[in-house]
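Notes follow once the structure below has been shown.
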Amino acid sequence: MRESPPFKLAASAAAVALLATACGGDGDDEGTAEEGTGEETPAVAEGGTLRIYSSEPAFLVPTAADDQPSILVVRQLYSGLVDYNEEGQPVLDLAESIESEDNQTWTIKVKDGYTFHNGEPVDADAFIRAWNYAADGDNAQNNAYFMSRIVGIDEAQETGADELSGLSKVDDMTFQVELKEPFVGLEAILGYSGFFPVAEECLADFDVCNETPIGNGPYQIEGEWQHNVGITLTRFEDYPDEGQSNPDTLEYQIFTDVDAGYAAYQAGEIDVMYTVPPARIAEVTQLETHLQLPGDSFTYVGLPLYLPQFEDERVRQAISLAIDRQPIIDAVFDGTRTPATGLVSPNFDGYREGACEFCTYDPERAQQLLEEAGGWQGGTLKLEANAGAGHEDWLQAVGDQLRENLGIDYELAINLDFPEYLARSDADEFEGAFRLGWGPDYPVMETYLAPLYGTGGSSNNANYDNPEFDDLIRQGDSAASLEEAIPFYQQAEDLVLADMPVVPMWWADEIAVWSDNIENFVWNPINEPEYGQMVMASE
C-alpha cells in the first residue's frame, strides 16, 4: 500500500478541515458561552433531520449510477472497499487488505461484520456478483466501463456471459481480481461507487431495487424513491462504523431548477446545497455559512464527432480559439471559475499549465483555421444543456462570441431535465454542441482522461476514437508507480487537446451553502458533501 498517492489537495483539504471545526463548537454536548458576548453557541448533538437540495437522480443502484445527483445518494446508501480521507487519499473501508505482488493479480479481503439492509452478509460474493452484473453485456449498466481492466470483460460484452473469468472467490471473505494488464492504481479507483457491492435480492429484480435500494451503508431508504419529489434515508442502526450517520434522517428534496432550490434555502426549507445558482454567487459568498474552494469540477462543450459539421479538427480548434473564457467567467460567475488550459485539474499531479494550444482566445487564428477547413457547414448551431441548472447565460455568451468571431448563428436548446439529458447523451442524439461537466471519481490523473476519451469510455459522449490514445492510457496504467504513469497520461492528454473533441471551458470553485441548523459542515475533495458526517445543532 502506498504512503501517499500522487494527489495534491493539501491546501484545500486543510481549508475544509478548518472550516468544519471553525463553524461550530468544540464537540461538547453542552452549549458554551462565547467569551465577551454572553451568547451561547448551539450544542453539538447527534440526530435531527438534514434537509438536502438535490436534482433528480438517474439511478439509485451503484452498478448504474454515474451522475452527481445519483452518487450523492448512493454514497449514503452503500459503502465500498475503499473510501477517501479529507486529503483525497484512498483509505481502506470495508476492505481488510488489498494486496498484489505484480499489480496485475490482486487479492482483496473483506472485513467481517457488515450486512446489507435486508440482513444479507457483505462478503466476497457481494462484490463479485455486483461487478459481474455491471459488466454483463445484457445489462448495459453505465459503470461497466470501470470493469474494463478485468480479465473476461470482452467476452462478457460480446457473448452476454454473466461471470468475469478474472474474478474468483478464495473464501467467504476473500476474492481475487485478475487484470488484463498491470494497473498500479487499482486500490485508488475502488473507492468509486461503481465498485460498491450489491445484495443478491437486489439483482433478482433490478427495477424494484432501483426504486427501493437494498444498500449496505450507514443509511437505508424509507419507503421508496418519490421521483421528482424526494428521497428519505434513515440511519441503519446495525452499521458498525461510528460517525457515518450523525443525522437521524437525510431528506433529499428534489428540484427541477436550482433557483427554486435556493429560494427554498432562503425560506428555511433546505439545510444544505452543494451548488448554487450562478446569479447568486456574489450573494452567497458573503454568507458566513458557505464554502468556497478551488475545485476539480471541469466544464466543457462537447463537439460530437458523429455530426458531419465537426469532422474536421480545424473546425473544432477554431471554435475553441473563438471563445474568450475570462469575460464570461467574470460576468456570469462573479470570477469563481478558472479558465481551463488542459483536461486535468490543477489540484492533481500531472497538471500542466498551458497544456492546451487551442484554449487561448485568438479570433484571427480561429477565422483562419475555419477558412482552411472550408468554412462552417453546419447551419444554425445548436448549443445544448440540461435545464434548471443556470446554463442559459453562459451558453448564450459563448454563442454570441461564435457569431461575432466566426459568423456562426446559434440557438439554445436547454429544455430537458438531467436524467433525460443524460439519456440523450448516451444515445448519441445531440444535434449540436453540448454542455457537460466532469468531476474526479478517484485520485488518479487517469480519471480525467480514459472515461471521457477512451474508446468505449463510460462518458465518451463526443465519440472520440483514437487507438494511440488508448495505447498511451494502457502504458500509463501498466507503469510501476502512479508517478511513472504520469508522462504516458500527459501524452494521451496532448492527443486529445490537439484533436479537440471537446472545448475545455473552466474549473469551477466548489461553492456550497448551509443553514444555521448545521453545526459541523463536512466536505471531501473526492466525495464532495459528506452528509452523514455532518452534525446538526441542537436547539
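The values are calculated or read from the model by the stated rules, or taken from the named source; none is laboratory data. Every value quoted in this text rests on a predicted model; they were computed, and no experiment measured them. We place every Cβ from the backbone using ideal geometry, glycine too, and count neighbours over all the protein chains shown. When the accessible area is computed, the model is the full protein with side chains, heavy atoms only, and any ligands, DNA or RNA have been set aside. Shrake-Rupley method; radii C 1.70, N 1.55, O 1.52, S 1.80 Å.
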The one condition in (1) touching a strand residue (DSSP E or B) at 6+ places or on another chain (Cβ under 7 Å); (2) touching a residue at least 60 places away in the same chain (Cβ under 8 Å); (3) of a type in the set (Asp, Glu) that residue 257 fails to fulfil: (1)
Out of 512, 485, 492, 480, sole residue that is in a loop (DSSP other than H, G, I, E, B) and among the aliphatic types (A, V, I, L, M): 480
Selection count, the range 423-437, where residues are of a type outside the set (Gly, Ala, Ser), open to solvent by less than 50 Å² (accessible area, probe 1.4 Å) and either part of a strand (DSSP E or B) or more than 15 Å from residue 58 (Cα to Cα) (or both): 4
Members of the range 263-283 found to be over 20 Å from residue 520 (Cα atoms) and without any contact (Cβ under 8 Å) to a residue 40 or more places away in the chain, listed by number: 263, 267, 280, 283
Helices (runs of 4 or more DSSP H) (entirely within the range 174-278) containing at least 1 residues that are open to solvent by 20 Å² or more (accessible area, probe 1.4 Å), farther than 23 Å from residue 387 by Cβ and not aromatic (Phe, Trp, Tyr): 200-204, 206-211
Test set (1) of a type outside the set (Lys, Arg); (2) surrounded by 22 or more Cβ atoms within 10 Å (Cβ to Cβ); (3) in contact with a helix residue (DSSP H, G or I) (Cβ under 7 Å, 6 or more places away or on another chain); (4) closer than 23 Å to residue 478 by Cβ - residue 108 fails condition number: (3)
Members of the range 60-108 found to be in a loop (DSSP other than H, G, I, E, B) and either within 14 Å of the chain's Cα centre (by Cα) or of a type in the set (S, T, N, Q) (or both), listed by number: 62, 63, 64, 65, 66, 67, 79, 85, 88, 89, 103, 104
Conditions (1) free of Cβ contacts under 8 Å to residues at least 24 places away in the same chain; (2) surrounded by fewer than 23 Cβ atoms within 10 Å (Cβ to Cβ); number of the one not met by residue 70: (2)
Lone unmet requirement of (1) of a type in the set (D, E, K, R); (2) free of Cβ contacts under 8 Å to residues at least 24 places away in the same chain; (3) at positive phi for residue 403: (3)
Count of the range 515-535 residues which are over 19 Å from residue 268 (Cβ atoms), at pLDDT 95 or above and part of a loop (DSSP other than H, G, I, E, B): 2
Unmet criterion (only one of (1) crowded, with 22+ Cβ neighbours inside 10 Å; (2) farther than 20 Å from residue 149 by Cβ) for residue 524: (1)
Any hit, the range 301-308, residues being of a type in the set (Ser, Thr, Tyr), surrounded by fewer than 17 Cβ atoms within 10 Å (Cβ to Cβ) and either modelled with pLDDT of 95 or more or part of a strand (DSSP E or B) (or both): yes
Top-ranked residue of the range 111-133 - restricted to ones that are open to solvent by less than 40 Å² (accessible area, probe 1.4 Å) and β-branched (Val, Ile, Thr), ranked as nearest to residue 158 (Cα to Cα): 128
Subset of the range 148-168 (residues that are open to solvent by less than 40 Å² (accessible area, probe 1.4 Å) and modelled with pLDDT under 80): 156, 160, 161
Residue selected from the range 43-59 under the condition in a loop (DSSP other than H, G, I, E, B) and hydrophobic (A, V, I, L, M, F, W, C), by the criterion most open to solvent (accessible area, probe 1.4 Å): 59
Residue 497 vs. criteria touching a Lys or Arg at 6+ places or on another chain (Cβ under 9 Å) and either aliphatic (A, V, I, L, M) or within 21 Å of residue 313 (Cα to Cα) (or both): no
Pick from the range 488-521, criterion open to solvent by 10 Å² or more (accessible area, probe 1.4 Å) and of a type in the set (D, E, K, R), ranking: nearest to the chain's Cα centre (by Cα): 510
Selection count where residues are touching an Asp or Glu at 6+ places or on another chain (Cβ under 6 Å) and open to solvent by less than 40 Å² (accessible area, probe 1.4 Å), scope the range 279-297: 3
Odd one out for residue 143, checked against (1) in a loop (DSSP other than H, G, I, E, B); (2) touching a Ser or Thr at 6+ places or on another chain (Cβ under 7 Å); (3) buried (at least 24 other Cβ atoms within 10 Å of the Cβ); (4) of a type outside the set (A, V, I, L, M, F, W, C): (1)
